[in-house]
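So the structure is just underneath, and the comments pick up after that.
The values are calculated or read from the model by the stated rules, or taken from the named source; none is laboratory data. Since this is a predicted model, take the numbers as computed values, not measurements. Cβ placement follows ideal geometry from the backbone for every residue including glycine, while neighbour counts extend to all protein chains displayed. Just the protein is used for accessible areas: all its heavy atoms, side chains included, with ligands, DNA and RNA removed. Shrake-Rupley method; radii C 1.70, N 1.55, O 1.52, S 1.80 Å.
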Amino acid sequence: NPFSQIIRLSFENLPILLAGICFGPVVGASVGVVADVVGCLLYGYSINPVVTLGAGMVGLVSGLVATYIVKRPRWLSCALATALAHLTGSVVIKSIGLASWYLSKYDMGLAELMLWRLLTYSVIGVLEGTLIVLLLRVPAISSHIEQLKDKVK
């Protein structure tokens, strides 16, 4: 059943998005790459460099959008950062990386794979973006993030 493999609802990108939105593109990309590599090692998967690039792009794009394109209002920044990060990293780049596995195994085209992933990440992105906005509204969390930013500078 291809759908159980293609449509997997998870919040695996939530920490990557949060890192990019809060700390910028370099930290976001780094968290994405490390998260993918560590995840592969922990679960015994082969490291797919294209999928790892996609994870890095989720962090990079979210950081670029939130840092340089739309800073305020916060909800708009998070929404746009999440949407563009998932579109480039999760839907386009990771789909290309996963294509060799899914396209031959389930007899589907790249466009069909991308459409399923677009549908999936549209739902996940709304949930992740909402969670990030809600988390950043908690004074203890936003205060701690600001302290961390000061230490990084």
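Ligands, DNA and RNA aside, residue 144 has an accessible area near 100 Å² when probed at 1.4 Å. With all protein chains in place and ligands, DNA and RNA left out, the 1.4 Å accessible area ranks 150, 107 as 107, 150, largest first. All other residues whose Cβ lies under 15 angstrom from that of residue 56 are scored, Lys and Arg at +1 and Asp and Glu at -1, for a net of -1. As an exercise, use a Förster radius of 41 Å and the Cβ-Cβ distance of residue 150 and residue 112 to find the FRET efficiency, rounded to the nearest 0.05. That gives a FRET efficiency of 0.30. To the nearest 10 degrees, how steeply does helix 110-137 sit against the main Cα axis of the chain, on a 0 to 90 scale? Helix 110-137 sits at roughly 20 degrees to that axis. Here residue 30 sits with roughly 60 square angstrom of accessible surface, probe radius 1.4 Å. Taking every protein chain into account, the 1.4 Å probe leaves residue 114 with about 40 Å² of accessible area, to the nearest ten.
Assign one of three labels to the chain, namely rounded, prolate or oblate, based on the Cα gyration tensor with a ≥ b ≥ c the square roots of its eigenvalues; rounded applies when a/c is under 1.5, prolate when it is not and a/b is larger than b/c, and oblate otherwise. Prolate, since a/c reaches 1.5 and a/b exceeds b/c.
Of the residues 18, 134, 84, the one that moves most in a GNM of the chain with alpha-carbon contacts below 10 Å is 134.
Put a plus charge on the Cβ of each Lys and Arg, a minus charge on the Cβ of each Asp and Glu, and nothing anywhere else: the dipole of the chain about its Cα centre is then about 400 debye. Computed from Cα positions, the angle between helix 94-106 and the longest principal axis of the chain comes to roughly 20 degrees.
Taking a sphere under 10 Å around the Cβ of residue 86 and counting the other residues whose Cβ falls inside, with K and R at +1 and D and E at -1, yields a net charge of +1. Entry for region 66-120 at q = 0.15, 0.22, 0.25 Å⁻¹: log10 I(q)/I(0) = -0.50, -0.75, -0.87, Debye formula applied to identical alpha-carbon scatterers, no solvent contribution.
Each part reduced to its alpha carbon centroid, region 8-56 and region 66-83 end up 20 Å apart.
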